[in-house]
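Report on the structure given below.
What follows is calculated from the coordinates using simple rules that are stated; it is not laboratory data. Keep in mind the model is a prediction, meaning the values are calculated, not measured. We place every Cβ from the backbone using ideal geometry, glycine too, and count neighbours over all the protein chains shown.
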Amino acid sequence: MREEKFDFLREKVKAENIPTVRDKTLQKLRGEVFAAQPKKILEIGTAAGISGAAMLLCADEAKLVTIEKDPDFADRARGIFRALGLEKRVTLLEGDADEIVPLLSGGYDFIFLDGPKGKYAAYLPDLKALLKPGGVLFADNISLKFYGLKHSEHRNRTAHVNMAHFLETMRTDEDFSVRFFEEEDGALIAEKLR
């Protein structure tokens, strides 16, 4: 019943062209969360709450801390969490992740990074410190195939340079075991080894 409601809400969000995780990437994300069974999840980029709800539906004991800058998206996400009976397991922080992430503490078992693409590299030191050994960092949209459709040339160039830096840093960091999901807009899945 809850899965049917989730599917209905997701289709509604997609029909309204609200940004949400793509189909195959969502399946991959759900599989990773189901396998990891995290207790504490951090999400950067709540949007309408679809990815956050999906993760909670895959890990019954998980609690989610999610960050969203856009107040309309935050309101929409609260409604979706409520509709699915997940609101007591969610802490939604409204504001800029640039300001919020450095203030976070405590160890997370799973981090879903789906915020501003040009900021992934900047967030990485804080995210690495927040992620427990054995935890998973799942970074979405790493290929930026669809990113440039709505942004200025300068912003696109900056995002591509910063994403390349993020990917190179992750590839060479011996504290992580890194895998790549090549479909749709791509994702990086990294397990923290120590």
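To the nearest Å, what is the center-to-center distance of the range 153-194 and the range 94-137, using C-alpha atoms only?
What the calculation gives is 14 Å, centre to centre.
Taking 0.36 nm per intervening residue step and subtracting the Cα-Cα distance, what contour gain separates Glu183 from His160 on full extension? Before the final figure, lay out each step's value.
Numbers: separation 23, 0.36 × 23 = 8.28 nm, distance 1.82 nm.
Stretched out fully, the Glu183 to His160 stretch lengthens by 6.5 nm.
Set the bar at 22 Å for Cα to Cα. Now go through Lys39/Lys128; Lys28/Lys192; Lys69/Lys117; Lys14/Lys88; Lys12/Lys119; Lys69/Lys119 and name every pair that lies beyond it. If you can, show how the numbers build up before the last one.
Details: Lys39/Lys128 17 Å; Lys28/Lys192 18 Å; Lys69/Lys117 14 Å; Lys14/Lys88 25 Å; Lys12/Lys119 29 Å; Lys69/Lys119 14 Å.
Going by Cα-Cα distance, Lys14/Lys88; Lys12/Lys119 fall outside the 22 Å limit.
Just need the relative contact order of the range 69-145 here, percent rounded to a whole number, with Cα pairs under 8 Å and 6+ apart. Intermediate results must be reported in sequence, preceding the final value.
Working: 61 pairs, mean separation 23.0, N = 77.
So the answer I get is 30 percent.
Just one of [x] 109; [y] 98; [z] 135 is volume of the Cα convex hull per residue in Å³ calculated from these coordinates, so which is it?
[x]
Of the candidates Thr20, Thr172, Thr66, which one comes out as most mobile in a Gaussian network treatment of the chain with C-alpha springs shorter than 10 Å?
Thr172
Under a crude label model (7 Å from the Cα following the beta-carbon direction), how far is Lys5 from Asp173 in nanometres?
Going by the 7 Å Cα→Cβ label model, 3.7 nm.
Count neighbours as other Cβ atoms within 10 Å of each site's Cβ, and list the GluC sites (Glu not before Pro) in the range 3-42 that are DSSP loop with at most 14 such neighbours.
Working: sites: Glu3, Glu4, Glu11, Glu16, Glu32; in loops: Glu16.
Those satisfying the criteria are Glu16.
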